[in-house]
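One structure is given below, encoded as structure tokens.
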Amino acid sequence: MNYFFTGIGVSLIALLFASGCTQEQKEPKAIFRSKADERVPASAQANKVYPVYPWNDSDSPLKAITKEFLRCKGSSLNPPYIIYENGKEKDRIWDCGGFERHGLPVRNGQEYIYPVLLELLNFVQSSLQKRVIVTSGHRCPSHEQYIDEKHKTASTKHLIGGAVSFFIEGYETQMDKVVQEIIRYYALNPLFSGKKEYVEFSRNPTSDTQTAAWANKEVLVKVYLPNEGRNLDNRHPFPYLDIQVRFDRELNKPVACLWQDAQTYLRK
Ligand SMILES: [Zn+2]
């Protein structure tokens, strides 16, 4: 598929180059960029202003982790995921339009990521003095389906801004130390003083990791080894952590996520 697209790209460039040399006085022809099942003239994209990268806002090597880092990592440039049945193509699943086309989940009229996720990422980054690399934050329904079609009818808290996958530069082989920092966040925070359900973590076996997960009342922390939990967002060779929010302190109730609760939050 990649070769196919590359071939078209090269042909298109060659064609443009040729037409530029020989037909300078003619009206420029519309250039179309293939996008899912629609076609968008290249001219419509030309003046688009892209947001700055979230890590461009200061000179410090460690940037505060904001919700910007957790935007859906889908892209309309990704090729379709093709499902075959009996050797024949049955269906094509396309990725979403990425952060340009939709925002984060919305709560009380504002884009929302569970605050504890950002607090934990910033605490870990600050205490280890190494950069947090967020590999998967919010996943809109289209992107979730694209990266893992088995989740079609299941639920993941990535859909509602209640989960994050990440690793720490330099700690790729020391995931236990990162987990210990997460536990330390609860031990040091006066908010949880004397609250055993937050300070004490239990170990829970999981169906998709060799390593038992760590859990307190608020979060579940899983470690994925290099041969586990790979999807399009996590196609790097490193082990990574996934934090899911289990309990919503603000609403004082457990966090549940059903597929039908997730929406594609279009940008205004
Ligand atoms: Zn998306």
Pop a pseudo-label 7 angstrom from the Cα along the beta-carbon direction at both GLU172 and GLN129 and give the gap in nm to one decimal. 2.2
Orientation-averaged projected area, Cα convex hull of region 79-236 (nm²): 11.6
Using R₀ = 25 Å, calculate the FRET efficiency as 1/(1 + (r/R₀)^6) where r is the Cβ-Cβ separation of GLN110 and ARG246; round to 0.05. 0.65
Please give the length that would be gained between ILE83 and THR66 if that part of the chain were fully extended, namely 0.36 nm times their separation in residues minus their C-alpha to C-alpha distance (nm, one decimal). 2.5 nm
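Nearest 20 debye, what's the magnitude of the dipole of region 166-268 about its Cα centre given +1 on Lys and Arg Cβ and -1 on Asp and Glu Cβ?
260
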Which entries in LYS63/LYS196; LYS67/LYS130; LYS73/LYS177; LYS63/LYS195; LYS88/LYS222 show an alpha-carbon gap greater than 29 Å? LYS63/LYS196; LYS63/LYS195; LYS88/LYS222
Among GLY74, ILE168, GLN129, which residue has its Cα positioned farthest towards the positive end of the charge dipole of region 60-261, with +1 placed on the Cβ of Lys and Arg, -1 on the Cβ of Asp and Glu, and the dipole taken about the Cα centre? GLN129
Amide hydrogen neighbours beyond the local backbone of GLY103, cut-off 5 Å, H modeled: TYR265, LEU266, ARG267
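Each value in this text was obtained by applying a stated rule to the coordinates, not by laboratory testing. Fair warning: this is a prediction, and the values are worked out from it, not measured in the lab. Every residue, glycine as well, gets a Cβ built from its backbone with ideal geometry; the counts of neighbours run over all protein chains shown.
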